[in-house]
Amino acid sequence: MRKLLASLAITMGAVGAAHADLAADADAAAGSEKAQTCVACHGQEGISPSPAFPHLAGQQASYLAKQIMDIRDGERVVAQMAGLVDDFSDQDAWDVAAYYADQDANLGQADSDEMLVERGRELYRAGDASKGIPACAACHTPTGVGIGSAVYPALSGQVDDYTLSTLQAFAAGERNNDPANMMGDIASKMSDEDMEAVANYVLGLH
């Protein structure tokens, strides 16, 4: 894990340097106009009306910008977004990301099943050493707001169905646009029950 984190730090340093100017020039007002193509699935202010699509409100701008550019460049395949961001420039991506980052994040409520909540809390806050699973909080923070400088996404209030499907995609190798395959490595060690528990926990985390 130490080598993985070191590799990730180097990668993120390069990404940060390459996009620092774009991030500094990000225009949320321009992003609001460009984001009209996103409204049907992600909502006017980034709160998705459907459990099939993630909330974008309050997400780290660095993470959102990366996802938009990765989808545009074919580094991440999202069938529902085919063609929607093909004409986005890097600055467009940062502008849209800035707009959504400025919105108030969703406040969700986790399922009250005590065993499910407790397992989710355990994995999120402490991980599971017996499985080699690190604490989610180490990268996504105790309150789930993420770390923009490291391009770690916010998880707080995220749709549980979406979080679950994302973990499953990482575990199966269907999604691999994370640096050093960190999430692929972690998710592959999680059972379906572990993923469900974490997804439920972060829905109510804030």
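The values are calculated or read from the model by the stated rules, or taken from the named source; none is laboratory data. On a predicted model such as this, the values are computed, not experimentally measured, just so you know. With ideal geometry, Cβ positions are generated from the backbone for all residues, glycine too; neighbour counts draw on all protein chains shown. The protein model used for the area step is the full one, side chains on, heavy atoms only, and it has no ligands, DNA or RNA in it. Shrake-Rupley method; radii C 1.70, N 1.55, O 1.52, S 1.80 Å.
Of all the criteria given as (1) closer than 23 Å to R175 by Cα; (2) open to solvent by less than 30 Å² (accessible area, probe 1.4 Å); (3) modelled with pLDDT of 90 or more, the one not satisfied by G43 is (1). Considering region 96-151, and only residues there that are outside any helix (DSSP H, G or I) and of a type in the set (S, T, Y), the residue that is farthest from S48 (Cα to Cα) turns out to be S130.
Pairs are defined by a Cβ separation below 8 Å, a sequence spacing of at least 6 or placement on different chains, a first member in region 126-138 that is free of Cβ contacts under 8 Å to residues at least 24 places away in the same chain and farther than 15 Å from D185 by Cβ, and a second member that is open to solvent by 20 Å² or more (accessible area, probe 1.4 Å) and assigned to a loop (DSSP other than H, G, I, E, B); the pairs so defined are A126/A135.
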